[in-house]
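For reference, the structure discussed in these notes is given below.
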Amino acid sequence: MKTRKTLIAASAALVALSLLVSPLMASAQAKTDKTIRQAFRTGCMAGPLYTTCGNRLDETVLQGLAHVTWKGDGVKALLAESWSTPDKGATWIFKLRKGVKWHDGKPFTADDVVFSYNTYADPAVASIIANNLSDVKGYEEFRSGKASSLSGVSKIDDHTVKFELNGPRPLWVELKQIYFSILPKHILGDVKPSELARSPFWTQNRVGTGPFKWSKYVPDQYVEVVRNDDYFLGKPKADRIVYRIFADIPSILNALAANEVDVMSYEGGGIPVSDIERMQKVPTLTVLPNVDAGLPTYLQFNFAQPFLKDVRVRQAMIYAIDREKIIATVRKGTGKISNTMFPATWAQSPSLNPYKYDPVKAKQLLKEAGWDSSRKIDFIYYYADQVNKDTVTAIQAYLAAVGVNIVPRLLNPAEIQTVYKDGTFEMGYFANGQGLDPSLGALTSTCGAQLSFTYCNKRVDELYDLGLSESQREKRAPYYQEISKILNEEAFRGWLWYEVRPLAFNKRVIGASEHYAEMPTLIFNLPVYNEVEKWDVK
Amino acid sequence: MTTYILRRLLVSIPILLGITVIVFFVASKMPGDAVLAMISTETPQAEDLIKLRRGQLGLDLPLYVQYGRWLWQLLQGNLGYSFQTGESVIDILLARIPATLQLMGTALLIAIVLGVAMGVVSALKQYSRTDYTFTFLGFAGISIPDFFLGMVLVYLLAIQWPLFPTSGISTAGEPYSLVDNLRHLALPALALGLVRTATFMRYTRTSVLEVMNNDYVRTARAKGLSEWLVVVRHILRNALIPVVTVIGLTLPVLFGGSVIIEMIFQWPGIGLMFIGAVTARDSPVIMGYVLFSAVMVQASNLLTDMAYSFLDPRIRYD
């Protein structure tokens, strides 16, 4: 009889299954509250000390003294009310906002600020953004163990903090301070620095000062934050934000198309160009196909290789590639031709060489340089999506047509830093975030910088320093324009285009697509002030 | 029987250890490491920082020391802490195993129920139109990879005809409800289950056909038993023995298959966790997954052997 019982149980299960797939069960839950559903990438939960992709949470929960605004043209005072410098940027006095409370009701004071900056700089914490504090006095001593704290940051009174830098840095607030979110000393102050990463604070109850309070984190599923009624910039319009965690882009697109999420994340990639049309056909979505990613894409030359030292060889490679055609075909019209490093037009010289497609000229330059067309060039790339793979194939074909033979090699993302460090490659297809400010270029094009790959031009170094000696954009522009011209003429890189990162937003959320449409370039690795408290749900 | 189980358990210890040794050293040969994977590819990083973080995670030690530390922790019942989030690996696993078991269990149920039923019908009505249809579907099912079926299901039943959600285990930010959970479960479980259904169906059909022609079946019919009893008591019970083996052997395959299905459906189980851990070179989590799956496979093999002796009284383990 046992067998019959099994069979009965089995058929009962079958009935249950058929019930399960019945469309009658598809009862959408009525939502009474205003919920913004935002896509969020995996691997971003470790908090601002250890991850840069988690910065979207710093925009709603934790906050800094001042964040860069979405328009990229300045900073918005948040936990600081105002700041001033008596000596052209060598010392900064921050007046903190009064009456701000942490989400658990404790008052926010200067102690939290001093604690936070010390935490980021602490070698035992090993935060990945610590190097942005290298301008602060005492940083080197603290890092090397000669000092037990960051001497350049000190409390004057409960609502005033002083920062002392290693010399005048007129743009320090706009370019460096913006990386740091303030952490609650009353919660984290007792945690051993080396154990900070393991603190349940980051996942269980991230107490901040922002417009939304930490409510819940369900691993690999979502983070929920709810409205902070006491927010100092006014009560947010939305009741809550649910950050749904995704491991890949296709699932985000599906969820957008099926009205399951409202706002896309831009970390890790936007809509692949092959999917833009499909997304544009979804009536509930606003698609922004031309969001500038602030990422110049280029052929990287390893200047340590003697055969790449001749400027004519490098120029020839740019002339050899029909960039307009690649954009129009492989990249379906997305992307903007670039001829130098900086995406911001104010930093570009008006007289850049456009390197128009000219294979004859390319051949001639190569001939003059005595190019050996039997050479095989080790060519690395790390974007594994189809469009970029096709792009590399197109580049390979264009270069082969003038007698330059590259052998593409796809790198795993985890290998990139190793290759950067060892310089074990000859050429590559790279992109590099430059969205925030042209001064970021110094990290990748000055003498001795890792990503310069031994390129060195003293004048460029000098100009980068000059560019940071002024705070007015009009006064800084000539320096960057000169750099842009030098890097363009010397073909420091094989300039290709500025990448776009197409994004889509559900029309039921008011504020998201509007803000992203106003961004001149996307800003990576940083919290951005996006007025989230004013976003609303229809 | 007890001695047999004990012996099997004892033998499995060196096997498990061997697996962890191999995986640990092979995984460490993957290019890059946790620190390099964590920092942004778009900004260069200061050397001292990478060094600091490596030291903090113990990545600067020789490999055998790293393995020794891991093993020592394991003996104390601790699987270490994730390099990525700092959470304890045991907590990470425990939080995700139920989701994977739910998905695998449902998929297996679908596969067994549908597969055995279709196989029996197919065999009893050999060379009928139903048999040919089922055979055709069976071959189609064996040939289609589960991830492809998953994507087709999402396209058809979640986007074109939105009956089910595209991904996830339940609606994010809503309180848990069984109905909601089951709606999310339907597509991934079907994708994972339907492909296995085909295998079970083919095995059941062959096995039933073989048993059907035995003398005792003819005797049972001759003594006037109803057809139902003949099928259930005499044919099925004997025909299912090889099928049980196949089910047991499917468990590890199902386990592997659920990794890719969890990825496609963003199902928050240990498969999705494993992919994230590999990308991030998060070796404590990778090792946790490997150990758990190795234990699962060992256990399912043992259970299969035990089920065997239960179904076939001739088989005895001493």
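A short reminder: the numbers here are calculations on the coordinates, not readings from a lab. Quick caveat: nothing in here was measured; it's all calculated off a predicted structure. Heads up, the Cβs are rebuilt from the backbone with ideal geometry, glycines too, and the neighbour counts pull from every protein chain shown.
Kirkwood hydrodynamic radius computed over the stretch A:286-388 comes to 15.8 Å, based on all pairs of distinct alpha carbons.
Per residue, the convex hull spanned by the alpha carbons of the protein assembly as shown comes to 192 Å³.
So what is Rg over Rh here for the stretch B:89-311, counting just Cα atoms and using Kirkwood for Rh? Walk me through the numbers before you get to the answer.
Values: Rg = 20.0 Å, Rh = 19.1 Å.
Result for the stretch B:89-311 is an Rg/Rh of 1.05.
Of the peptides B:133-145, B:189-201, the order by per-residue mean of other Cβ atoms within 10 Å, starting with the highest, comes out as B:189-201, B:133-145. Full extension of the segment from A:Gln450 to A:Ala400, taken as 0.36 nm per residue of separation minus the current Cα-Cα distance, would add 15.1 nm. Other protein chain C-beta atoms within 10 Å of residue C-beta, averaged over A:248-256: 5. Entry note, chain B: relative contact order of 27 percent, from Cα contacts under 8 Å with a spacing of 6+ residues.
Could you tell me which chymotrypsin sites (Phe, Trp or Tyr not before Pro) in the stretch B:225-288 are loop residues by DSSP with no more than 13 other beta carbons within 10 angstrom of their beta carbon?
Values: sites: B:Trp228, B:Phe255, B:Phe265, B:Phe274; in loops: B:Phe265.
The qualifying sites: there are none.
Here the residues A:Phe301, B:Phe25, ranked from fewest to most Cβ neighbours within 10 Å of their Cβ, fall in the order B:Phe25, A:Phe301.
For A:Arg97, nonlocal amide neighbours, meaning residues 5 or more places apart or on other chains whose placed amide H falls under 5 Å from its own, are A:Ala80, A:Glu81. Sorted ascending by nearby beta carbons within 10 Å, beginning with the fewest, A:Leu196, B:Leu109 become B:Leu109, A:Leu196.
Fewest to most neighbouring Cβ within 10 Å: what's the order for A:Glu499, A:Glu277?
A:Glu277, A:Glu499
Counting Cα-Cα pairs of the stretch A:292-500 in 5 Å increments starting at 0 gives whole-percent bin shares of 1, 7, 15, 21, 21, 17, 11, 5, 1, 0, 0. Say the cut-off is 19 Å between C-alpha atoms; which of A:Lys34/A:Lys281; A:Lys421/B:Lys51; A:Lys336/A:Lys361; A:Lys137/A:Lys421; A:Lys235/A:Lys534; A:Lys185/A:Lys213 go over it? Pairs exceeding 19 Å: A:Lys34/A:Lys281; A:Lys336/A:Lys361; A:Lys137/A:Lys421. Other residues within the sphere of radius under 15 Å centred on the Cβ of A:Val360, judged by their own Cβ, net out at +2 (K and R +1, D and E -1).
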